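Here is the structure we will look at.
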Amino acid sequence: MADKKLMIDTSILIDYFRKKDKSKSRLVSHFREYDKIFISTITEFEIFNGASEAHKEFWETLLASLIVLDFNRVAARQSAKTIVQLKSKRKTIDKPDLFITATAIAYGLRLDTLNTKHSIDIENLNLLTNLNNN
C-alpha cells in the first residue's frame, strides 16, 4: 500500500502557529491522515524570512517533522509554463506561490493551502479543497 502524501504551503503552517488550540488546525488533521507531509524550500524561506528570533526554535522543531523538497529544474520549468497558462487567462500569482505550486506539480503531490485563490486556476495542480477544519 502506498504512503499517503501531501504537500502543504506556508498558510497551513502559519495557521498552526497562530491557533491557540493546535488540535483544531489543518496541520494536525493532516498529520493524522497522511503518512508523509512535504513543504517546498520556498515555504521554508517564507517561514524563516518572517520569523522573529524568539520563534525560530518553534519553526526549527516543527520543520524537522516535515520533508523539505528542493525547488529544482523541473519546478522551474513548470513555473514558466504556469505563468504562460495564467497569462492566457489574464491571471497572475505571486512568485512564492507560483514556485510552491510548481514544486507540488513537479513532485506529483497534492497541495493544501488556505489561500486557494492563488492556485485554483493552475492546470495540472492537484489541489486539496473543501476542508472544513477551522
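The values are calculated or read from the model by the stated rules, or taken from the named source; none is laboratory data. Just so we're clear, the structure is a prediction, and the values are computed from it rather than from any experiment. As a convention, Cβ positions derive from the backbone with ideal geometry for all residues, glycine included, and neighbour counts pool all protein chains shown.
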Return the pair list, or none, for Cβ contacts closer than 6 Å from residues in region 14-32 that are closer than 19 Å to Thr129 by Cβ to residues that are of a type in the set (S, T, N, Q) and loosely packed, with under 15 Cβ neighbours inside 10 Å, at least 6 apart or on different chains. Arg26/Asn133; Ser29/Asn133
Among (1) outside any helix (DSSP H, G or I); (2) polar (S, T, N, Q); (3) touching a strand residue (DSSP E or B) at 6+ places or on another chain (Cβ under 7 Å) - the single one Thr103 does not satisfy: (1)
Filter result (in a loop (DSSP other than H, G, I, E, B) and without any contact (Cβ under 8 Å) to a residue 40 or more places away in the chain) within region 106-122: Gly108, Ser119, Ile120, Asp121
Taking interchain pairs and intrachain pairs at least six residues apart, which have beta carbon atoms under 9 angstrom, with the first residue in region 71-86 and under 10 Å from Glu123 (Cβ atoms) and the second among the basic types (Lys, Arg)? Gln85/Lys91
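Considering region 48-60 alone, what residues qualify as being over 18 Å from the mean Cα position of the chain (by Cα) and not in a loop (DSSP other than H, G, I, E, B)? Spell out the reasoning first.
At the first step, the residues of region 48-60 found to be over 18 Å from the mean Cα position of the chain (by Cα) are 52-58.
Within region 48-60, Glu53, Ala54, His55, Lys56, Glu57, Phe58 meet the criteria.
Kindly evaluate Arg90 against the criterion of being basic (Lys, Arg), surrounded by fewer than 12 Cβ atoms within 10 Å (Cβ to Cβ), more than 17 Å from Asp112 (Cα to Cα) and at pLDDT 95 or above.
Values: basic (Lys, Arg): yes; surrounded by fewer than 12 Cβ atoms within 10 Å (Cβ to Cβ): yes; more than 17 Å from Asp112 (Cα to Cα): yes; at pLDDT 95 or above: no.
Against the criterion (basic (Lys, Arg), surrounded by fewer than 12 Cβ atoms within 10 Å (Cβ to Cβ), more than 17 Å from Asp112 (Cα to Cα) and at pLDDT 95 or above), Arg90 does not qualify.
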